Amino acid sequence: MEPPRKRRSFSWLFRWNTWRKLLLIVTGAVTVVALFHAEENWRGKRAWDNYKREVEARGESFDFAKYVPPPVPDDQNFAMTPFLAPLFDFVPGTQRQRDTNAVERTHRAAEMPNEIQTSFNKGGWPEASYLDLIRIANELLATNHSAPPRFSRGETREAAQAILEKLKPVEPVLEELRRASQRPYSRFNIDYEWEPKFGILLPQLHTVTAMCSKLELRACSELALAQPAPASHDIRLMFTLVNSLRDEPFLITELVRFACLTKTLQPMWEGLSRHQWTDEELVDFSQELRTLDFLDDGVHALRTESHCADSYFGDLRSSRNPFRSVNDIANGSDNSSEGGLATAIGTVIPRGWIYLEQLNYHRLVDFELNDVITPKGIDPEVADRKDAEVHRELVSSGVVGSILGHRIISRALLPSLNGFERKMAQAQTWVNLADIGCALERYRLVHGQFPEALDALAPQFLAAVPRDVIMDQPLKYRLLENGQFILYSVGWNKTDDGGVIVKASEELTHGDWVWEYPAASPPEQAITSPLWPGRFESAAAAPRGQRR
């Protein structure tokens, strides 16, 4: 009789009333979920649309295409010279380069030898030091790690000559780029229509940086051999490369331009410290420097980067896994088939939450930018305070809090902005210091000594003396007992530390940002002849790339 009792105990499962109740519960749950999704989708879309209307009323566009530099004719485009053009000669519908052999030739010509990277990146003009050509030449020419050094102290000229010999294979490319620099525009044919935007390839950044490194080393070697004329031509070409990237609407491009500027200023600084430049060359350098505005360009790049991210958010809304990484989206990988918690969550969260993520991302970018960089300069205290507030808002709530607060994507993207304003402020400070350095040398060529104060430079050598971008105050300047001078910005700490130089190994938030020459050039580098036999006439300054 036991089996019948068991059947009776489970008989409720087979009653219609039971199934009807279960069906009502499931239907009610589905209805609640559907209503929740509909409400959240409406709420997120409505909040985003309201924000867009508010921003567009201020004259800003969310159409990324409006930030793309317009096409230019190939014969007027610096970036379409044969050396650079293969980088963006893609198979139609892809970002796969058509002529891989041509691309490989470009890479080989631009690449710096790995052997010298360590020495090449040490010190430099921000630390008031020359490139160590002896160390670089020894590492460049060493056949193995145990080989004895080829050059020793006092043989800088021999080392410089050896470096130039080693760089001879790149001379045809440099000549090609010099001819192309006469073209009035520069626009790399980036596939701006590629989706997602974070997947757009930018191979020109590595090539331009590598070419600037070679030109830096070449120009410094020429100066060590008392050959300032070809060095000045190399510096002009470096300025052309810096400006060739100017109109690109990407944050990474501005950081690359900053790195290339640092390389460009090294030979200029070395020539100034040895008094090797003529007045004509100094005027040309100043004209190049005055085309650069890293504060304005940095703000523009950060704005356009945020609109580039809009493509990312759109892709997330259409994805089954909205929590997949930026790299996954850039590579076209969904990873939805792999399962996992992220995919499971991604299938059930309302897509309106992605709109709220997008809204919070833009609001945080607005918060970072507003009232930090102004026409009068930048206030480091405001910038640091905003960085700290953004960091606190994104990190202190943890992952769960970031998800519920709709800031999980901002948590992934925005840390890359930390310190960006500081880098742009330092870049523009270096531009201004170099411009004043040229004007001071022009004054010395006329008067035989540097002036007592910067005011003496205007209006003959400067229309107006640039002010410190930090707090819009006068730059610090004083003559030294050895006849040299020290020129500096108070730097990010807003404190006059008397010209204390920030070492590359230290934080940029310490010390001053200094333009200073050594008390005397090293004996093996003490070259002061402004002219040398057989010197050729300076060419006209290269035309600037198209401004936005």
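The values are calculated or read from the model by the stated rules, or taken from the named source; none is laboratory data. Please read all numbers here as calculations on a predicted model, not as lab measurements. As a convention, Cβ positions derive from the backbone with ideal geometry for all residues, glycine included, and neighbour counts pool all protein chains shown. Surface accessibility is based on the protein's heavy atoms, side chains included, excluding ligands, DNA and RNA. Shrake-Rupley method; radii C 1.70, N 1.55, O 1.52, S 1.80 Å.
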Report task. Find how much the distance from A463 to D89 grows on full extension, using 0.36 nm per residue of separation minus their present alpha carbon separation; answer in nm with one decimal. Result -> 130.2 nm
Report summary line: With Y517 itself left out, Lys, Arg at +1 and Asp, Glu at -1 over residues whose Cβ is under 11 Å from its Cβ give -2
Report summary line: Summing +1 per Lys or Arg and -1 per Asp or Glu among the other residues with Cβ less than 10 Å from S213's Cβ gives +1
Requested in this report: Mind checking the stretch 165-222 for GluC sites (Glu not before Pro) that DSSP puts in a loop (not H, G, I, E or B) and that have at most 13 other Cβ atoms within 10 Å?
Outcome: E193
Query - Area of Y185 that stays accessible when all protein chains are in place (1.4 Å probe, Å², to 10) - result: 80 Å²
Query raised in the report: Accessible area per residue of the stretch 399-511 at 1.4 Å probe, in Å²?
Result: 44 Å²
Query raised in the report: Sorted by packing (mean other beta-carbon atoms within 10 Å per residue), highest first, where do 88-100, 247-259 land?
Result: 247-259, 88-100
Report summary line: Heavy-atom accessible area of the stretch 390-442 with neighbours in place, 1.4 angstrom probe: carbon+sulfur share in percent works out to 58 percent
Query - Accessible heavy-atom area order of Y517, Y477, highest first, probe of 1.4 Å - result: Y477, Y517
Report task. Only loop residues by DSSP count here, and only those with at most 11 other Cβ atoms within 10 Å; note down the trypsin sites (Lys or Arg not before Pro) in the stretch 123-177 that meet that. Result -> R153
Report summary line: In order over the stretch 419-427: 3J(HN,Hα) from phi, Karplus 6.51/-1.76/1.60, θ = phi - 60°, whole Hz, x for each Gly or Pro, gives x, 4, 4, 5, 5, 5, 5, 5, 4
Requested in this report: Quick one: order I136, I25 from most to least accessible surface, probe 1.4 Å.
Outcome: I25, I136
Report summary line: For the stretch 360-482, whose charge dipole is built from +1 on Lys and Arg Cβ atoms and -1 on Asp and Glu Cβ atoms, the candidate among A439, F461, F420 with its Cα farthest towards the positive end is F420
Query raised in the report: If the cut-off is a Cα-Cα distance under 24 Å, which lysines reach K386, setting aside same-chain residues fewer than 8 apart in sequence?
Result: K52, K376, K423, K494
